[in-house]
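One structure below.
Please treat every number below as a calculation from the coordinates, not as lab data. Predicted model only: the values in this text are computed from it and were never measured. Using ideal geometry, Cβ is built from the backbone for each residue, glycine included, and neighbour counts are taken over all protein chains shown.
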Amino acid sequence: MEWQYVHRTVSDAGKFFDGVEEAIASEFLPSLFGVEVDITCKYRKLAELPVRHAGLSLSNPTTNTKECYKSSTLYCSHLLSTLRGRVQYSPVDNLDCQSEVMPEYWSRIEAAHKVKVKSEVDQFPQDTQRTLKRAKTTGRWLSVMPSHVEGTILSSTEFRDALMLRYARVPSNLPTSCDGCGDSKKFDVKHALDCKKGGLVTARHDESRDGLRDLLAHVFSPSRIRCEPMINPAPIRANGTKTHVPSASSSSDFRNADCDDLDSRFLGGID
Ligand SMILES: [Zn+2]
């Protein structure tokens, strides 16, 4: 972000960014989620964190300034000493200084983020906490470059639905009844993901299967990959015996990560 350049070079510049933070909290974030301000306000501090810590990397420009200035000062400490005439400039010393200082600095930042995400998540209800803890590993789609070739472009509806599900919110315009079993008493996200008669269980499986097939086709060749294993893959010789054809197959099991019977110890591995 361009304002971070100002934060890195001007000490205590956060007080000049109140208007920017106001616009992020009251206009940008609600538009991003597609909901009202009062829903997103309690997610603002969580959104400040990096994606790998369940956030959206939308840093607060009024409070982030000290960290930006400190990291920039540490990174450029050899250059600053040179400009002040204390030492002779040396490219090697400059690199050594950067490689010594920054790992320690970033490890402290990571530790601070872990503490912050825990304190923020603890403020939500128990059911929501379960989803938010998983959000540390369910945000890679937020960081990938949109590409038609790689199939990583989401529509605005897809983006907002994924965002709402990541933060345990109900997507907008959810149907009132299930088109699979016709249940209209309690149709929610959980029912949509669990219903054996609805199409989402099969759709999730097929989408993942097709993605895996596409990746394997790049490694081998498209003609060597099949969606389903052949019932009798071994061709029969003229004398009636079967030839040996090496093959491999995989099977995938898809579950709703928020279903009641899923053990919480598996949550860390779900993405
Ligand atoms: Zn149903």
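When you scan region 1-18, do you find a residue that is surrounded by fewer than 13 Cβ atoms within 10 Å (Cβ to Cβ), free of Cβ contacts under 8 Å to residues at least 24 places away in the same chain and over 20 Å from MET164 (Cβ atoms), even just one?
yes
Looking at PHE28, is it more than 25 Å from ARG140 (Cβ to Cβ) and part of a helix (DSSP H, G or I)?
No; evaluated as a whole, the condition is false for this residue.
Which residue is nearest to PHE33 (Cα to Cα), if the candidates are limited to region 97-118 and must be under 17 Å from the mean Cα position of the chain (by Cα) and surrounded by 15 or more Cβ atoms within 10 Å (Cβ to Cβ)?
Checked region 97-118; the qualifying residue nearest to PHE33 (Cα to Cα) is VAL117.
Here's a check for you: in region 171-208, which residue that is part of a loop (DSSP other than H, G, I, E, B) and away from the ligand (no atom under 16 Å from the Cβ) is surrounded by the fewest Cβ atoms within 10 Å (Cβ to Cβ)?
Result: ASN173.
Among the residues of region 119-139, are any away from the ligand (no atom under 16 Å from the Cβ), aliphatic (A, V, I, L, M), farther than 25 Å from GLY211 by Cβ and crowded, with 16+ Cβ neighbours inside 10 Å? Spell out the reasoning first.
The first filter runs over region 119-139 and keeps only residues away from the ligand (no atom under 16 Å from the Cβ), leaving 119-139.
Next cut, aliphatic (A, V, I, L, M) only: 121, 132, 135.
From what's left, farther than 25 Å from GLY211 by Cβ: 121, 132.
The next check asks that each one be crowded, with 16+ Cβ neighbours inside 10 Å; those that pass are 121, 132.
Within region 119-139, one or more residues are away from the ligand (no atom under 16 Å from the Cβ), aliphatic (A, V, I, L, M), farther than 25 Å from GLY211 by Cβ and crowded, with 16+ Cβ neighbours inside 10 Å.
Within region 140-170, track down each residue that is farther than 25 Å from ARG213 by Cβ, without any contact (Cβ under 8 Å) to a residue 40 or more places away in the chain and in a loop (DSSP other than H, G, I, E, B).
VAL170
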